[in-house]
Amino acid sequence: MILSEVREKVNKLKGRLDSVKSSIKTEKRSLRVSKKTLQNSLEAQNITQHVAQIVQKQAHDRIEGVVSRCLEAVFGKEYGFKILFERKRGRTEAKLLLLKEGHEIEDALNADSGGVVDVAALALRMACIVLAKPALKRVIVMDEPFRNLDLPNREKVRMLLEELSTDFGVQFIIVTHELAFTTGKVIRI
């Protein structure tokens, strides 16, 4: 092999080496940018999760406040309500719990008075309307509500409806044969 052929091969190899060095430099820069982007993304994720926890806590407190207020107005301090937030499959799920004397009611529809569920359902509707952004028209229409509620507690529910209407500016339209819920403007058909 003559010297010129060797020199040509060396120059080609040197060119390839320079090309590889340039590629390595570019890839290192790209790796640094990717690491910084990942770090920023993780920081953003942490901030978002922290804000989400704060919002969940505020929502929980407001919803629990409305539901507990309604349950207490009718049943005293015997019943309570809370929301458990659980992370599942990369998202947060909410579990609504009714409590009796501080203990979770497993199957509220069958294990206890349906009247408690009726009052809790009304309270959850109230919370949804009150917390909605943008504000919704504050009207709740109910057809034969509280049929599972015993007679002594029906008067308490009527008074609760009057308080909720006044305090939250909600209008209730109730279709019922039950005279215990008669309040405000009554239209008989």
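The values are calculated or read from the model by the stated rules, or taken from the named source; none is laboratory data. Here the structure is a predicted model, which is why all the values come from computation and not from measurement. Backbone-built Cβ (ideal geometry, glycine too); neighbour counts: all protein chains shown.
Checked against (1) modelled with pLDDT under 90; (2) closer than 30 Å to Leu160 by Cβ; (3) of a type in the set (Val, Ile, Thr), Val67 passes all but a single condition, namely (1).
Look at the stretch 176-187: where a residue is surrounded by fewer than 13 Cβ atoms within 10 Å (Cβ to Cβ) and a partner is of a type in the set (Val, Ile, Thr) and in a loop (DSSP other than H, G, I, E, B), sitting 6+ places away or on another chain with Cβ atoms under 9 Å, you get Thr182/Thr176. On inspection, Ile83 does not qualify as touching a helix residue (DSSP H, G or I) at 6+ places or on another chain (Cβ under 9 Å), assigned to a helix (DSSP H, G or I) and within 30 Å of Thr48 (Cα to Cα).
Among Leu31, Leu97, Leu71, Leu84, which is exposed (fewer than 12 other Cβ atoms within 10 Å of the Cβ) and touching a strand residue (DSSP E or B) at 6+ places or on another chain (Cβ under 6 Å)? Even if it seems obvious, please write down each step before you answer.
Numbers: Leu31 fails: touching a strand residue (DSSP E or B) at 6+ places or on another chain (Cβ under 6 Å); Leu97 fails: exposed (fewer than 12 other Cβ atoms within 10 Å of the Cβ); Leu71 fails: exposed (fewer than 12 other Cβ atoms within 10 Å of the Cβ).
Leu84 is the lone residue from the list that is exposed (fewer than 12 other Cβ atoms within 10 Å of the Cβ) and touching a strand residue (DSSP E or B) at 6+ places or on another chain (Cβ under 6 Å).
No other residue among Asp143, Asp150 is surrounded by fewer than 19 Cβ atoms within 10 Å (Cβ to Cβ), in contact with a helix residue (DSSP H, G or I) (Cβ under 7 Å, 6 or more places away or on another chain), of a type in the set (Asp, Glu) and touching a residue at least 12 places away in the same chain (Cβ under 8 Å) apart from Asp150. Can you go through Glu144, Glu104, Glu155, Glu93 and tell me which one is closer than 16 Å to Val67 by Cα and of a type in the set (D, E, K, R)? Going through Glu144, Glu104, Glu155, Glu93 in turn, just one is closer than 16 Å to Val67 by Cα and of a type in the set (D, E, K, R): Glu104.
For Leu109, the criteria (1) aliphatic (A, V, I, L, M); (2) at pLDDT 85 or above; (3) assigned to a helix (DSSP H, G or I) hold in every case but one, which is (2).
Keeping to the stretch 127-150, report how many residues are assigned to a strand (DSSP E or B) and of a type outside the set (Val, Ile, Thr). Show your work before the answer.
Within the stretch 127-150, the first condition is being assigned to a strand (DSSP E or B), and the residues that meet it are 139-143.
Those left that are additionally of a type outside the set (Val, Ile, Thr): 142-143.
Looking only at that region, the number is 2.
Restrict the check to the stretch 27-40 and report whether at least one residue is part of a helix (DSSP H, G or I), within 30 Å of Pro152 (Cβ to Cβ) and either of a type in the set (Asp, Glu) or at pLDDT below 90 (or both). Checked against the condition, which is being part of a helix (DSSP H, G or I), within 30 Å of Pro152 (Cβ to Cβ) and either of a type in the set (Asp, Glu) or at pLDDT below 90 (or both), the stretch 27-40 yields no hits at all. The residues on offer are Phe75, Phe81, and the sole one that is touching an Asp or Glu at 6+ places or on another chain (Cβ under 9 Å) and within 29 Å of Gln56 (Cα to Cα) is Phe81.
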